[in-house]
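These notes are about the structure you will find just below.
The values are calculated or read from the model by the stated rules, or taken from the named source; none is laboratory data. Because the structure is predicted, anything quoted here is derived from the model rather than measured. Quick reminder, even Gly has a Cβ in these numbers, built from the backbone with ideal geometry, and neighbours come from all protein chains shown.
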Amino acid sequence: MLTFGTGNKAVAMAVRDAKPVVVAAYPITPQTEIVEEIANFVTEGSLAARYIPVESEHSSMAACIGAAATGVRTFTATSSHGLVYMCEMMHMSAGARLPIVMANANRALGPGWNIGAEHSDSISMRDTGWLQVYVSTVQEAYDATLMAFRIAEHTDVLLPVMINLDGFLLTHITQTFETVEPGDFIPPIATPHAIDINNPGGYGTLTPGNTHFKFRHDIERGMQASIPVIVETEAEFSRRFGREYHLYEEYRCEDADVVIIAMGTLGKEMEVAVDILREEGTRAGAIRMRWFRPFITPELNGKDVVVIDRDYSFGYGGVLAGELQAKSGCQPFSVIAGLGGQEVTYDDIAEFVRIRRPGTEHWFGVDD
Amino acid sequence: MFEIRLHSRGGQGGVTAAKLIAYAAFLDGKYATATPLYGAERRGAPVVSFIRIDDEPIRIYSQIRNPDLVIVLDESIMQLVDVLNGIKPEGKVFINSQGGTEVEGHQTYPVDLTSISLSLDLVLAGNPILNTPLIGAIAKMGIISQDSAKQVIAETFRDERNVEAALRAYEELKI
Amino acid sequence: MHGVASALHAEPNQYFIIIHVKYLKKRLDTMAIPDEEFLLKTTSACAGCPSSLILRYVTKAAGADTVLVIPACCTSVIQGVYPTTAMNLPVYNVAFASAAAVASGMSEAFRAEGKKTNVICYAGDGGTIDIGIQALSGALERGTDFLYICYDNEAYSNTGMQRSGATPLGAVTTTTPGGKKDHKKDLDAIVAAHNPVYQATACAAYPQDLYNKVEKALSIPGPKFMHILAPCPPGWRFPSEKTVEMGKLAVKAGLWVLYERENGKLTITGASKAAMKKRIPVEDYLSVQGRFRKITAEETAEVQKTVEDTIARLQREVDGIC
């Protein structure tokens, strides 16, 4: 059904259509509308889920862990300080191999208080074992949320999935999007290690150094196995519902001499910058990274690379730029832009390409 | 692409108005986006919302710097904010005005939305409802169709007086 | 391991050897405790461990349709090391602060699927009174259908006896080498403020009282809470065979009062009925534990006064005065 709404609403509607059994909810700007909408769905009866109003984000993930451990489908949403507050439970949920799905409205961390878009919150969860997908339109927020359940619950994966959408820029923008009837696109959940009263076992017991690493290695196996599952899921989604997604999205890259790489809404707006640059005679292209974990290294083929990070790792650099450099050997022009909702326009992005100096870092607003 | 910047005060319904205009454009078969620019939300503080309407999917998330239309829901904001900042040379201005304010150099459309609402007793939490008459006025300007304007109001507001408010604003706006 | 076995079995034997008409009813009650064991004899608990003694009776009362949710605490260790376990029940080990919240999710999921499975949090005092109190408060407030049990050994025993909010005045721990200068946090008053459907105290030294309360708690839907005193031989510095004796001294001195509060109505139970009227001096309890070796006369007097105040307050509640 074609409809019109915010990124938050699209996530909530996808959750409704995926039919989780337990939703844990704690409000935080700018994701609050997601849990409000879900509360409405539960109240009006369009979603038959248990809605647990927890007292903190640490507890929202804890409640999802408890529910998912019994083998039911779960969802929660958070942002920024909420995400880092639940950090411990991020490790616990992935380590317990529970296919929890969570939306994160990307937002800066304090101090000072700032509710604008920034990826530092989710990037700091990089090593927890969660899959991370970054979306760039309201439609993609809906689609990626639906697909997240199928990917997380796949028995080759059994890892939680986080859908990241830029705070305000995407959570609060109103756009056209189409909902679907998922049918059996998301098969019934069948967690093989769900708690079984008739076959009691210990979960997460003391695990000494001669076995702990095996469980860690298994998480990585699940992470690697997720790549073909993501590809298959996106292909099946396209076959059923007609909308195409890839591990990363290329725009006018075929003959490009320089590519801009970014995640989230900047990854969409940069297409306009590419068009402007092409009109000027610069053969530019764009690669929008969708999956940050598992990390998918795009084909760069010796092109100049301009990476825009809406995040920063202090003492290191832009995280996306650094990871791309490490994995592909490219020497990116690393631009740090958009922190805390800093306004970045397509003109600004085009300018990043014009002033690029491979192998250097550029803080937008500082180094101008 | 047609770009609208809407200036209002917190509590006036500017954010909702932007959504409703974009929704009407969506019903017209266009691509449309509405984005509120959030700061610290306080009732009475100046608020800005952006609306983009196009025949192609919209890929831009940044703010509108060169609007085709500026909507001012509270005339007094013009003393605090440069509402005309970046407006295109041919850009138009809509002002909710009791005194028929005109802006020099730009086609101006003053309509007294506040009086229309108050005369119909359309008041929410102490504030006159400006959304519905605004939609009527915007339809008169040809930015959205009459049919979509009616549908948006019917879907969003149960009270029949909202339709009446839209009709009055439609009548009062002079092309 | 021999010490563990003797601690686990000493207490019921004390009941069984007293065969007297006067105790017949009590004896019959004791015999009602099922033989089935869910905590197997392969635990890695310390000799004389009260936590495993309590857990044994808790699980007997709960039965097989039960999941234990256990935050970091002594029981994380007691249950054994992967790939083996000493628990013949599903045990979900969770992060320190999260037990009650995990239980919320688990209970809601079971109920949504039409299952009546008992969800029991079995947590130490640190995981309850300190780091876990926010999650506990939330779970109680939102009406989670579960039983939260705090077994209270009055310190972070698992990590070698550091002070917790449950450590009593005057007790030496590794982080209060001069003796604690603050009082024990009144956890039960905090829980009572949430008006749970059932709230009780118990003590490792009185397994029948404990068993009855767990059984009753699990028969009532909604949030239930039990606070169980767990005298810890290495932590409190007393011989391993004196766990039960130490628990009895606490009750007889009125330092620990056995009661239950059902729908707001308080009932004093078991050995505490006598202690409400006549108590041994707190000194008799403090002087036999190494942890109180540095307690001052003033502090001892303060502990005694706290006991008298608490007893008086509980008596007023029983009498319906407050």
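The range B:49-119 holds strands (runs of 3 or more DSSP E) entirely within its bounds, and those carrying 3 or more residues that are touching a helix residue (DSSP H, G or I) at 6+ places or on another chain (Cβ under 7 Å) and modelled with pLDDT of 95 or more map to B:92-96. If you check A:P200, A:P208, A:P188 for being over 20 Å from the mean Cα position of the chain (by Cα), within 14 Å of chain C (Cβ to nearest Cβ) and more than 30 Å from C:T84 (Cα to Cα), only one passes: A:P188. Of note, A:E236 does not satisfy the criterion of being in contact with a helix residue (DSSP H, G or I) (Cβ under 9 Å, 6 or more places away or on another chain), at pLDDT below 95, away from chain C (no Cβ under 14 Å) and within 26 Å of A:E140 (Cβ to Cβ).
Considering only residues in the range B:52-109 that are farther than 30 Å from A:G338 by Cβ, surrounded by fewer than 18 Cβ atoms within 10 Å (Cβ to Cβ) and among the polar types (S, T, N, Q), the one that is farthest from the chain's Cα centre (by Cα) turns out to be B:Q79. Candidates in the range B:27-43 are the residues that are touching a residue at least 24 places away in the same chain (Cβ under 8 Å) and at the interface with another protein chain (Cβ under 10 Å from one of its Cβ atoms); of these, the one that is farthest from A:D166 (Cα to Cα) is B:L27.
Scanning the range C:89-130 for residues that are within 7 Å of another protein chain (Cβ to nearest Cβ), of a type in the set (V, I, T) and part of a helix (DSSP H, G or I) returns a single hit, C:V102. When we screen B:I144, B:I138 for residues that are part of a loop (DSSP other than H, G, I, E, B) and touching a helix residue (DSSP H, G or I) at 6+ places or on another chain (Cβ under 7 Å), the only hit is B:I144.
Only one of the numbered conditions (1) modelled with pLDDT under 95; (2) buried (at least 20 other Cβ atoms within 10 Å of the Cβ); (3) facing another protein chain (nearest Cβ under 9 Å) is not met by C:T84, and that is (2). Among the residues of the range C:192-206, those identified as surrounded by 24 or more Cβ atoms within 10 Å (Cβ to Cβ) and either of a type in the set (G, A, S) or out of contact with any Gly (no Cβ under 6 Å at 6 or more places or on another chain) (or both) are C:P196, C:Q199, C:A200, C:T201, C:A202, C:A204, C:A205. Scanning the range C:110-153 for residues that are of a type in the set (V, I, T) and within 16 Å of C:S219 (Cβ to Cβ) turns up C:T117, C:V119, C:I120, C:I149.
Of all residues in the range A:145-168, which are of a type in the set (A, V, I, L, M) and closer than 20 Å to A:I261 by Cα? Selection gives A:I163, A:L165.
For the range C:165-179, the count of residues that are hydrophobic (A, V, I, L, M, F, W, C) and farther than 30 Å from C:T300 by Cα is zero.
If you go through the range B:61-84 and keep only what is over 26 Å from A:G167 (Cα atoms) and of a type in the set (S, T, N, Q), you end up with B:S76, B:Q79. When the range A:1-59 is filtered for residues that are closer than 30 Å to A:G110 by Cβ, part of a loop (DSSP other than H, G, I, E, B) and out of contact with any strand residue (DSSP E or B) (no Cβ under 8 Å at 6 or more places or on another chain), the ones remaining, listed by number, are A:P27, A:E55, A:S56. Criterion applied to B:G105, B:G86 was being out of contact with any strand residue (DSSP E or B) (no Cβ under 8 Å at 6 or more places or on another chain) and under 26 Å from A:A350 (Cβ atoms), and the one residue passing it is B:G86. Among the residues of the range A:55-62, not a single one is under 16 Å from A:L159 (Cα atoms), out of contact with any helix residue (DSSP H, G or I) (no Cβ under 9 Å at 6 or more places or on another chain), touching a residue at least 24 places away in the same chain (Cβ under 8 Å) and facing chain C (nearest Cβ under 10 Å). Of all residues in the range A:7-35, those satisfying the criterion of being more than 18 Å from the chain's Cα centre (by Cα) and buried (at least 24 other Cβ atoms within 10 Å of the Cβ) are A:P20, A:V22, A:V23, A:A24, A:Y26. Scanning the range C:131-157 for residues that are within 14 Å of chain A (Cβ to nearest Cβ), within 16 Å of C:T75 (Cβ to Cβ) and within 17 Å of the chain's Cα centre (by Cα) yields a total of 2. Evaluation of A:N106 against the conditions (1) more than 22 Å from C:L68 (Cα to Cα); (2) touching a Gly at 6+ places or on another chain (Cβ under 9 Å); (3) at the interface with chain C (Cβ under 10 Å from one of its Cβ atoms) shows that the sole unmet condition is (3). Of the residues making up the range C:125-148, none is surrounded by fewer than 24 Cβ atoms within 10 Å (Cβ to Cβ) and without any contact (Cβ under 8 Å) to a residue 12 or more places away in the chain.
Within the range C:38-55, at least one residue is among the polar types (S, T, N, Q), more than 13 Å from chain A (Cβ to nearest Cβ) and buried (at least 24 other Cβ atoms within 10 Å of the Cβ). Would you pick out the residues in the range A:66-90 that are surrounded by 24 or more Cβ atoms within 10 Å (Cβ to Cβ), at the interface with another protein chain (Cβ under 8 Å from one of its Cβ atoms) and within 19 Å of the chain's Cα centre (by Cα)? Selection gives A:T74, A:M89. Residues in the range A:316-368 that are surrounded by fewer than 21 Cβ atoms within 10 Å (Cβ to Cβ), among the small types (G, A, S) and without any contact (Cβ under 8 Å) to a residue 40 or more places away in the chain: A:G322, A:A326, A:S328, A:G329, A:G359, A:G365.
Conditions (1) farther than 23 Å from B:R59 by Cα; (2) in the same structural domain as A:V229 (by TED's automatic domain parsing); (3) not polar (S, T, N, Q), marked per residue:
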| site | (1), (2), (3) |
| --- | --- |
| A:T265 | no, no, no |
| A:M270 | no, no, yes |
| A:A273 | no, no, yes |
| A:I296 | yes, no, yes |
| A:T345 | no, no, no |
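The set of residues from the range A:138-171 being buried (at least 24 other Cβ atoms within 10 Å of the Cβ), within 14 Å of chain B (Cβ to nearest Cβ) and in contact with a strand residue (DSSP E or B) (Cβ under 7 Å, 6 or more places away or on another chain) comprises A:V138, A:A141, A:L165, A:D166, A:G167, A:T171. What's the number of the condition C:K294 fails, among (1) of a type in the set (K, R); (2) buried (at least 16 other Cβ atoms within 10 Å of the Cβ); (3) touching a residue at least 60 places away in the same chain (Cβ under 8 Å)? So C:K294 meets the others, but not (2). Just a yes or no: is a residue in the range C:59-72 more than 19 Å from the chain's Cα centre (by Cα) and more than 23 Å from C:C232 (Cα to Cα)? Yes, the range C:59-72 contains at least one residue that is more than 19 Å from the chain's Cα centre (by Cα) and more than 23 Å from C:C232 (Cα to Cα).
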